[in-house]
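The structure under discussion appears below in the form of structure tokens.
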Amino acid sequence: MSSRKTLRVFTPLVAVFSALALGAFAVPLAQANPDTQTQPEALKIVQLGDSYSSGNGATEYYSMDCGRSNLNYGSRVADALNASSYTNVACGGGVLADLTAPKNLGWQRSVTKSYWIPRSTPDRAGAFKQRAMDANLCGTTDQPDLYYDYRVVAPAPAGNLYTATVECRLMVAPQVDALTPDTDMVFLTMGGNDINFVEITMSCPVLREAYSCQRWMNAASAKLTQLQADATTALLAIHQRAPKAQVYLLSYPHLLRQDQDYTLPEGPAGWYHVTQAMTQLQAAGDVAQGQAVQLANQALGTVDNPVFHFVDNVKAHWAKDGIEHGLDPYMAASQENSWMGPPLASGYKFLEYMHPKPEGWAATAEALLEYINNQG
């Protein structure tokens, strides 16, 4: 399914990336040799991952189905490195299994149709499905890695006339299908949805239910061992498809401001310290993912010259100016300094709740670019 890959070709866009102060970065990967006047090999970058990679919250989208935006961190870094191509197949709601298996985005529409299919046809349902696919009943998608799964239901044959309904389910191809042996860099965030990101978000900062919040946090902690194992397997699968690529797994920013001890129920009588619990969970998640990177390098024998990297400076860049830019969890709190989309707030789409605003995407991009630069 590699033909589903989305390709984006860049020209130098220094002005677009001025927010990252590119003049302060000297990136060896994008420099020419002044003595020989030869040009460096053009970088081919592929973006994998979940909503913290696709672009949820960036406000400008070219694919709403997966929340993809040219303002995500990967696109910004690709611009800064003057990459020759950048492919974004990250998708909101993504889990580690989506790297190697198709993702079902759900039912989109149903279409009822009748075709003349002789009663003697051995597999009339199969023939109906093929006719429906040839007629493109489900329509087209806006991205090459998205496609429709045709499911034939409610057949009602009448003589040689075969009537049935096609259920159109939108699918995303396995993300590793975008990788090739020529891929130079892979960026991704992944794992948050594997340990209950949605449930934690709904229970803690949205519904503000102490018992539910604690239950989902505890459940997430119990999944960290499996997360580490699954992340290790996923990283090795990436390497198998892109054997020369450097793979960068990014940490997530702090979801909540770290300068507050927020409790549920909200107020001085609260008993569940949400900020502390969230911070501890995210720290444990970072450890699990960092260990996955180490285990993957050990499996390849590349500990001294790593293929896999854990970019653990994202949280620091979200607070590098001395101001905490996570969500202020209190009801009716000002989010003036927050780089995180406040849930249920006016002017925000559902896919933007608890996701980086453009300022947050820029900070994450700066963190990754700094990490890459420091490798030199």
When the residues of the range 209-220 are narrowed to those that are of a type outside the set (Asp, Glu) and crowded, with 16+ Cβ neighbours inside 10 Å, which ends up farthest from residue 299 (Cα to Cα)? 210
Conditions: (1) surrounded by fewer than 22 Cβ atoms within 10 Å (Cβ to Cβ); (2) in contact with a Gly (Cβ under 8 Å, 6 or more places away or on another chain); (3) more than 14 Å from residue 191 (Cβ to Cβ). Residue 280 meets all but one. Number of the miss? (2)
Residue match in the range 167-175 (condition: over 28 Å from residue 237 (Cβ atoms) and either open to solvent by 10 Å² or more (accessible area, probe 1.4 Å) or of a type outside the set (A, V, I, L, M, F, W, C) (or both)): yes
Taking the condition of being in contact with a Cys (Cβ under 9 Å, 6 or more places away or on another chain) and without any contact (Cβ under 8 Å) to a residue 60 or more places away in the chain, how many residues in the range 210-261 meet it? 2
Residue list for the range 316-339, restricted to those being open to solvent by 30 Å² or more (accessible area, probe 1.4 Å) and within 20 Å of the chain's Cα centre (by Cα): 339
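Out of curiosity, is residue 136 surrounded by fewer than 16 Cβ atoms within 10 Å (Cβ to Cβ) and either free of Cβ contacts under 8 Å to residues at least 12 places away in the same chain or among the aromatic types (Phe, Trp, Tyr) (or both)?
yes
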Within the range 263-276, does at least one residue satisfy the condition of being more than 27 Å from residue 59 (Cα to Cα), small (Gly, Ala, Ser) and either under 20 Å from the mean Cα position of the chain (by Cα) or surrounded by 13 or more Cβ atoms within 10 Å (Cβ to Cβ) (or both)? yes
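The values are calculated or read from the model by the stated rules, or taken from the named source; none is laboratory data. Keep in mind that this is a model prediction, so the values were computed, not measured. Cβ atoms come from the backbone with ideal geometry, glycine included; neighbour counts cover every protein chain shown. For accessibility, only protein heavy atoms count, side chains too; no ligands or nucleic acids. Shrake-Rupley method; radii C 1.70, N 1.55, O 1.52, S 1.80 Å.
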